[in-house]
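> Quick one: the structure is below, and I'll ask about it shortly.
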Amino acid sequence: LTKAMENSTQVKLFYLFGLQETFNNKSIYFFLSLVTYLLIITVNLTLIITIIQVKGLHEPMYIFLCSLCVNGLYGTAGFYPKLLLDLQSDVQVISYGGCLTQTYVIYTSVLCEMSTLTVMSYDRYVAICRPLLYHTIVTSLTVRKLLLFSWCYPLFISLIALSLTARLPLCGSRIDKIFCDNPSILKHACSPITINQILNKCMILVHVLQLLFIVFSYCQIVRNCVKSTKGRIKFTQTCVPHLLTIFIFITVTLFDTLQGWNNVNITLNMRNAMAVQFLVIPPVLNPLIYGLNLQKIRRAVFRKCNAHKIIDMKR
């Protein structure tokens, strides 16, 4: 990827035109973006630190949730700092290498979110449908392998996708969004992008297979849970947050896909709003949904907050 970036001499900078309609309200957008980013950092770090420090939460479900929150911080780190700088600048530009780096971070974050949600659905399936075998199937080694899959697959496949993009000579430098992404770069390719399109279709197929696996898992879970009151309670407590997270993620990623259609007649601000939903809603709501619905996490967070209050009072 680095060699391919060095060999490209046609485009040194990309111009981001996504903020054209915000010139008169930049201070408002800056404030809202800063508050959103600080909120994302706060809620995700709170959940991560709570899960790490409380030994009772060192279970597969909470470990996967911790991974989901880490991914939320990782993905937003590739977007918000640059956006905040752009909202303070008159001209929004990004270097060729910076554009590919931002694309890579956001790309891997989206793929990792889907992989982690798939892993979490498998964990819930085993826990509810095969409870007696849960600790035999989902061992510490299995958890490490699933975490490795949920992170290594996105990092590896994104590296291949960006390497294929970096080899292409480009004939333009305009990006009509507020952040860089692979389709926006490929629009300026001066040579055929057949290989890129094939890889993209393969990745879509993998996503569809992951989604089908999630649907299959929850069909089995629902069928198992309706048989008993205890099963329904367990489903409500541990599976509803996961289903809400999946629904939100699929909805907001569809927004980003729809805004890329050239035949959709909407304003630039509306396109921007649709494009950034997956960088705003899941990172904020995922920790809140799990924190409010899972009793162990809720109790652990409140216990820590009360402990800090007591310490402050003693001081």
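FYI, it's all coordinate maths here, none of it is from the lab. Because the structure is a prediction, the values reported are computed rather than measured. Backbone-built Cβ (ideal geometry, glycine too); neighbour counts: all protein chains shown.
> Expressed as an acute angle from 0 to 90° and rounded to the nearest 10, what is the orientation of the C-alpha long axis of helix 281-293 relative to the principal long axis of the chain?
Here the helix axis deviates by roughly 10 degrees.
> Beyond 14 Å, what percent of the Cα pairs of the range 164-216 remain?
For the range 164-216, the share of Cα pairs beyond 14 Å comes to 61 percent.
> Counting Lys +1, Arg +1, Asp -1, Glu -1, what net charge surrounds C129 among other residues with beta carbon under 13 Å of its beta carbon?
Charge balance near C129 sits at +4.
> Under a Cβ-only charge scheme (Lys and Arg +1, Asp and Glu -1), can you give me the dipole magnitude of the range 2-314 about the Cα centre, in debye to the nearest 20?
So the magnitude is around 1260 debye.
> Let me ask another. Identify the residues of the range 147-177 with backbone N under 19 Å of a label point that sits 7 angstrom from the Cα of C202 along the Cα-to-Cβ direction, or state none.
The answer is 149-168, whose backbone nitrogens lie closer than 19 Å to the label point.
> Which ³J(HN,Hα) values in Hz, rounded to whole numbers, follow from the phi angles of the range 162-171 under the Karplus curve 6.51 cos²θ - 1.76 cosθ + 1.60, where θ = phi - 60° and Gly and Pro get x?
For the range 162-171, the Karplus curve yields 6, 5, 5, 6, 5, 6, 7, x, 10, 10 Hz.
> Continuing with the same structure: Take Y29, Y37 and order them by how many other Cβ atoms sit within 10 Å, fewest up front.
Y29, Y37
> Right, another one. Pop the C-beta distance of Q220 and L38 into the FRET formula with R0 = 45 Å and round what comes out to the nearest 0.05.
Efficiency, from the Cβ-Cβ distance: 0.65.
> So for each of 188-194, 42-48 I average, over its residues, the number of other beta carbons within 10 Å; can you give me the resulting order with the highest mean first?
Top of the packing list down: 42-48, 188-194.
> Which pairs break 24 Å Cα to Cα here: K230/K296; K145/K230; K145/K234; K82/K177; K145/K201; K82/K145?
Cα-Cα > 24 Å for K145/K230; K145/K234; K145/K201; K82/K145; rest within.
> Between (1) 29, 22, 21; (2) 37, 25, 18; (3) 40, 21, 17, which matches semi-axes √(5λ) of the Cα gyration tensor in Å calculated for the structure shown?
Here the calculated entry is (2).
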